[in-house]
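The values are calculated or read from the model by the stated rules, or taken from the named source; none is laboratory data. Because the structure is a prediction, the values reported are computed rather than measured. When we count neighbours, we look across all protein chains shown, and the Cβ atoms used for this are built from the backbone with ideal geometry, even at glycine. Accessible surface is based on the protein model in full, side chains and every heavy atom, while ligands, DNA and RNA are left aside. Shrake-Rupley method; radii C 1.70, N 1.55, O 1.52, S 1.80 Å.
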Amino acid sequence: MAGLRRRGEELEDALLTAAWAELLDVGYPRMTMENVAARAGTSKPVIYRRWPTKAKLVIAALAHSLPLEEADIDTGTLRGDLIELVGRGIRRFGRVPGDTMPGLITETFREPEVFEELRGRLRTGEVVELIRPLLARAVARGELRTDQCSDRVLRVPFDLLRSETLLYGVMIDDATITAIVDDITLPLYRLHCG
């Protein structure tokens, strides 16, 4: 890579890919900007110009390496769509090293701006926008009366999953996903949207 100057999106992609690889290899506590720079074939100042802290770099690497790409979900039923959506979310979260979220929360708690950025990533606003098309199709199929549910109602399955994993340390399996959809999410959606 000697003599090759990457810029813009190409450089950012290389840096975030290197950060993700480093995170997977050594975990959050042992991850260093120096090692990320070495993996990316660049220098630490290049990284620090974009992400002034390790926490900011890791937050960006998570978004880059685990994007939400669920627009293709259409199993033919709202139940099937929700199980697939939640399952994909859990599989995505399962790819994050276990020491990452506690490390990020601890490190960013003293930095209100970075902590708010992390909270924004943990909130499920993007997921709500993925659920809305599922509801619109459910209305078209006659499964629900309306797709006009509040964001709070729509967030429930992901709020429950986050609570189960982060607060209670529960490993989410297919049976848990199905129970959350069947026992809580579908009845709630039918009550508020159906």
Residue (of LEU85, VAL96, PHE109) at the positive-pole extreme of the stretch 79-124, dipole from beta-carbon charges: LEU85
When averaged across all projection directions, what area in nm² does the alpha-carbon convex hull of the stretch 129-177 cover? 4.2 nm²
Max mean-square fluctuation residue, GNM over the chain, Cα-Cα springs under 10 Å, options ALA179, ALA136, ALA19: ALA179
Which length gain, in nm to one decimal place, applies between ARG95 and ASP183 when the Cα-Cα distance is subtracted from 0.36 nm times their residue separation? 29.0 nm
Debye sum, Cα scatterers, the stretch 39-148, no solvent: what log₁₀ I/I(0) at q = 0.14, 0.24 1/Å? -0.70, -1.30
In whole Hz, with x marking every Gly and Pro, tabulate ³J(HN,Hα) for the stretch 140-153 from phi via Karplus 6.51 cos²θ - 1.76 cosθ + 1.60, θ = phi - 60°. 4, 7, x, 7, 9, 6, 8, 9, 8, 10, 5, 4, 4, 5
Of VAL128, VAL26, VAL96, which is the most mobile in a GNM of the chain whose springs link Cα atoms less than 10 angstrom apart? VAL26
Shape call for the stretch 110-194 from the C-alpha gyration tensor, a ≥ b ≥ c root eigenvalues: rounded (a/c under 1.5), prolate (a/b greater than b/c) or oblate? oblate
For the chain, the fraction of alpha-carbon pairs in successive 10 Å shells from zero, as %: 8, 32, 28, 20, 10, 2, 0
By how many degrees, 0 to 90 and rounded to 10, does the Cα axis of helix 54-65 deviate from the longest principal axis of the chain? 50 degrees
From DSSP H assignment alone, runs of 4+ in the chain each adding -39500 (n - 2.57), the sum over residues rounded to the nearest 500 puts [θ] at 222 nm at -20000 deg cm²/dmol
For ARG119 and GLU164 in one chain, what is 0.36 nm times their gap in residues minus the Cα-Cα distance, to one decimal in nm? 14.5 nm
Expected max-MSF residue from LEU166, LEU135, LEU15 in the GNM of the chain (alpha carbon, under 10 Å) is LEU166
The extension gain from ASP174 to ILE105, computed as 0.36 nm times the residue separation minus the Cα-Cα distance, is 22.1 nm
Ignoring ligands, DNA and RNA, what percent of the accessible area of the stretch 37-151 is carbon or sulfur (1.4 Å)? 54 percent
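Kindly report the accessible area of the chain per residue (heavy atoms of protein chains, probe 1.4 Å, no ligands, DNA or RNA), in Å². The partial results should precede the final answer.
Working: 10640 Å² over 194 residues.
So the chain comes to 55 Å² accessible per residue, rounded to a whole number.
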